[in-house]
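J.: Below is one structure. I have some questions about it.
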Amino acid sequence: MRLDKFLAESSIGTRKNVRIYIKDGAVKVNGKVITEPSIEIKEDTDIIEYLNKLVTYRGKVYYMFHKPGGCITARKDETNKTVFDFFNEVNMNGIFHVGRLDKDTEGLLLFTNDGEFNHQLMCPEKHVEKKYFFIALGSLDKEDIKKIENGISIGKEEEITKPAKIEVIKSGMYEDLEEEFDIRKFYNINSNFYEQPVVSGYLTISEGRKHQVKRMLKAVGCYVIYLKRISIGELDLDNSLKKGQYRILSEDEIQKLLGKCI
Ligand code: URA
């Protein structure tokens, strides 16, 4: 195995960071400083040290996390809670989030130290579907639905979106749906909005542009007030995970995700 891969999969740092540590002379293999990240080592027999401390190989790890609203998808932030703050029992060095969710978006977020896994799921050419549940102010008629399904313009200098799937679950005037959608609990909703139509449903996309779901719905006049990712490829968010909880993915789940996109 390559030295930089070994260190990244042993929670020393991301692949990029461990290359820097190696080049800086902080890593020894069998007692000798090595500055070439690509050298091959034998993970079972070679003795690898980082800053003169023995490194034990951890291997690849994969986590499913139920992201709550109100935290940002980043390792550190001056003012906001981040998704990493929830992993207080795991050494998260070298582990990163697979894609991003907006601060106010909830739902399924994956973490790993496996760069190839990340690439397989995130690379647009792989067309891995991400399914979201939304509640939005506004309404969706047949024309809007067709536009979303066929591809829609969401920004001046951007390509139109790839075909998507949309399924409306409920729609009507807010006052008639108040019991189901208590929109007062969502963000900065102004009481004037209470007399508006609301719509909920599932939107499934195979790209991952910034704020894509919100922008697609905005392009047909809908303003998202609640968004939750419920699946990635064949993997659904585990309903037993409460917001802020995480668990290791099973081998089957990893294969289910990868099987879809190789
Ligand atoms: N689309 C969005 O608009 N926001 C997200 O967090 C994810 C997808």
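The values are calculated or read from the model by the stated rules, or taken from the named source; none is laboratory data. Predicted, not measured: the structure shown is a model, and the values here were computed from it. Here Cβ is always computed from backbone atoms with ideal geometry, including for glycine, and neighbour counts include all displayed protein chains. To get the accessible areas, we keep the full protein, side chains included, count just its heavy atoms, and leave off ligands, DNA and RNA. Shrake-Rupley method; radii C 1.70, N 1.55, O 1.52, S 1.80 Å.
J.: Which length gain, in nm to one decimal place, applies between Lys23 and Leu54 when the Cα-Cα distance is subtracted from 0.36 nm times their residue separation? Numbers along the way, then the final one.
T.: Numbers: separation 31, 0.36 × 31 = 11.16 nm, distance 1.81 nm.
That pair, Lys23 and Leu54, stretches by 9.4 nm at full extension.
J.: If you take the square roots of the eigenvalues of the alpha-carbon gyration tensor of region 3-54 and sort them as a ≥ b ≥ c, do you get rounded (a/c under 1.5), prolate (a/b over b/c) or oblate? Before the final figure, lay out the partial values.
T.: Working: a/c = 1.39, a/b = 1.18, b/c = 1.18.
The shape class here is rounded.
J.: Among the listed pairs Lys81/Lys242; Lys130/Lys170; Lys23/Lys53; Lys162/Lys243, which are separated by more than 19 Å between their Cα atoms?
T.: Values: Lys81/Lys242 17 Å; Lys130/Lys170 21 Å; Lys23/Lys53 17 Å; Lys162/Lys243 30 Å.
Check vs 19 Å cut-off fails for Lys130/Lys170; Lys162/Lys243.
J.: Here's a follow-up. Going by the alpha-carbon gyration tensor, a ≥ b ≥ c the square roots of its eigenvalues, is the chain rounded (a/c under 1.5) or, if a/c is not under 1.5, prolate (a/b greater than b/c) versus oblate? Before the final figure, lay out the partial values.
T.: Working: a/c = 2.71, a/b = 2.23, b/c = 1.21.
In terms of gyration-tensor shape, prolate.
J.: Scan region 134-165 for GluC sites (Glu not before Pro) in coil per DSSP, keeping those whose Cβ has at most 14 other Cβ atoms within 10 Å, and list them by number. Can you show the working numbers first?
T.: Working: sites: Glu143, Glu149, Glu157, Glu158, Glu159; in loops: Glu157, Glu158, Glu159.
In loop regions of region 134-165 (DSSP not H, G, I, E or B), the sparsely surrounded GluC sites (Glu not before Pro) are Glu157, Glu158, Glu159.
J.: OK, next. Run lengths n ≥ 4 of DSSP H only: what is the helix-derived mean residue ellipticity at 222 nm for the chain, with -39500 (n - 2.57) per run over all residues, to the nearest 500?
T.: On the way: 7 runs with 54 residues, N = 262.
Mean residue ellipticity, 222 nm, calculated: -5500 deg cm²/dmol.
J.: Sequence gap at least 6, Cα distance under 8 Å: using those rules, report the relative contact order of the chain to the nearest whole percent.
T.: Details: 491 pairs, mean separation 57.0, N = 262.
That works out to 22 percent.
J.: Given Lys228/Lys256; Lys16/Lys156; Lys67/Lys131, which pairs have Cα atoms separated by over 24 Å?
T.: Numbers: Lys228/Lys256 21 Å; Lys16/Lys156 34 Å; Lys67/Lys131 15 Å.
In this structure, Lys16/Lys156 exceed 24 Å between Cα atoms.
J.: To continue, here is another question. Would you work out the relative contact order for region 3-54, in percent, from Cα pairs under 8 angstrom that are 6 or more residues apart?
T.: Details: 64 pairs, mean separation 17.0, N = 52.
Taking the mean separation of contacting Cα pairs over the length of region 3-54, I get 33 percent.
J.: Not counting the cut sites, what is the longest span of the chain without trypsin sites (Lys or Arg not before Pro) that DSSP labels loop and that have at most 11 other Cβ atoms within 10 Å? Before the final figure, lay out each step's value.
T.: Values: sites that count: Lys42, Lys76, Lys156, Lys210, Lys242.
Excluding the exposed sites themselves, the longest stretch runs over 77-155.
J.: Through the Karplus equation 6.51 cos²θ - 1.76 cosθ + 1.60, θ set to phi - 60°, convert the phi angles of region 107-124 into ³J(HN,Hα) values in whole Hz; use x for Gly and Pro.
T.: x, 6, 9, 9, 10, 7, 10, 9, x, 5, 4, 4, 4, 4, 8, 9, 5, x
J.: For a quick check, take a GNM of the chain with Cα springs below 10 Å and name the residue from Met64, Met173, Met92 with the largest mean-square fluctuation.
T.: Greatest mean-square fluctuation among the candidates belongs to Met173.
J.: Further question: Can you tell me the accessible area per residue over region 129-232, all protein chains present, probe 1.4 angstrom, in square angstrom?
T.: Values: 5820 Å² over 104 residues.
Heavy-atom accessible area per residue stands at 56 Å².
J.: Can you grab the distance from the C-alpha centre of region 193-262 to the C-alpha centre of region 54-122, Å, no decimals?
T.: A separation of 16 Å, based on Cα centres.
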